[in-house]
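Accompanying notes for the structure given below.
The values are calculated or read from the model by the stated rules, or taken from the named source; none is laboratory data. The structure presented is a predicted model; accordingly, all values stated were derived computationally and were not measured. Reconstructed Cβ throughout: ideal geometry from the backbone, glycine too, with neighbour counts over all protein chains shown.
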Amino acid sequence: MSIEVKRFRLSVWRPAPVTRNLMLIPAGPAGSQSGLKHSEFDFHEQMYAWEPREDVWLSLREAEDQRKLRQLLVEAFSPDVPPDQRPISKLADALEAISEIVKAEGKSDWADNEETVEASGDETINFRSHGMLALHNHLSWVYETFRAMPGASLMIR
């Protein structure tokens, strides 16, 4: 029996500089009435992507904390949300929530990783990590690095 791990995927996007003229022709019976808009910010390019090897939620002890963080991260930065509603600055709320969880006694802990290293002989040792602390550190870097970039948006799946 295998356990499905929901992978965490983060990507940072910015409005793409259009180097040539493009025309968007709506398809379907509605034609130009399809609700598509034209602006310089309709096309975005990916600037950065990160997919950790391990389950970032593994170190959480309480389901309520996981639900809250999924709402602040996965739902708030979903691909279904328009880019202008998922700016990098919105990440500050999630960083504060993660910080509170990591600092609170008994809400998160170190966990074994899938990754192992061979020791002497036939012995293997599992690496341990603190998924929430690692996530906080990486999201803090993303926040500090990209928050001043005009039009930058975050997508998390």
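Things to note:
Matching residues to (1) of a type outside the set (F, W, Y); (2) in contact with a strand residue (DSSP E or B) (Cβ under 8 Å, 6 or more places away or on another chain); (3) modelled with pLDDT under 95; (4) surrounded by 12 or more Cβ atoms within 10 Å (Cβ to Cβ):
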position: E105; (1), (2), (3), (4): yes, no, yes, no
position: D109; (1), (2), (3), (4): yes, no, yes, yes
position: E123; (1), (2), (3), (4): yes, no, yes, no
position: H130; (1), (2), (3), (4): yes, yes, yes, yes
position: A134; (1), (2), (3), (4): yes, no, yes, yes
position: S140; (1), (2), (3), (4): yes, no, no, yes
position: Y143; (1), (2), (3), (4): no, no, no, yes
position: G151; (1), (2), (3), (4): yes, yes, yes, yes
position: I156; (1), (2), (3), (4): yes, yes, no, yes
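- Some residue of the range 71-88 being under 22 Å from R157 (Cβ atoms), among the small types (G, A, S) and over 12 Å from the mean Cα position of the chain (by Cα): no
- Single condition R67 does not satisfy, out of (1) among the charged types (D, E, K, R); (2) free of Cβ contacts under 8 Å to residues at least 12 places away in the same chain; (3) closer than 16 Å to S11 by Cα: (3)
- Test set (1) within 25 Å of G131 (Cα to Cα); (2) of a type in the set (S, T, N, Q); (3) modelled with pLDDT under 90 - S89 fails condition number: (3)
- Failed condition for S59, given (1) of a type outside the set (D, E, K, R); (2) buried (at least 16 other Cβ atoms within 10 Å of the Cβ); (3) within 15 Å of the chain's Cα centre (by Cα): (3)
- Of the strands (runs of 3 or more DSSP E) lying entirely inside the range 84-157, those carrying at least 2 residues that are under 16 Å from V74 (Cβ atoms) and either free of Cβ contacts under 8 Å to residues at least 60 places away in the same chain or not β-branched (V, I, T) (or both) are 153-156.
- Neighbours by Cβ (under 6 Å, 6+ apart or cross-chain): first from the range 1-23, over 23 Å from M149 (Cβ atoms); second modelled with pLDDT of 70 or more and in a loop (DSSP other than H, G, I, E, B): V5/D55
- Checking each residue in the range 6-51 for being surrounded by 10 or more Cβ atoms within 10 Å (Cβ to Cβ), at pLDDT below 90, under 27 Å from the mean Cα position of the chain (by Cα) and in a loop (DSSP other than H, G, I, E, B) picks out K6, R7, A16, V18, L36, E40, F41, D42, F43.
- Residue satisfying condition, being touching a His at 6+ places or on another chain (Cβ under 6 Å) and of a type in the set (A, V, I, L, M, F, W, C), within set W141, W110: W110
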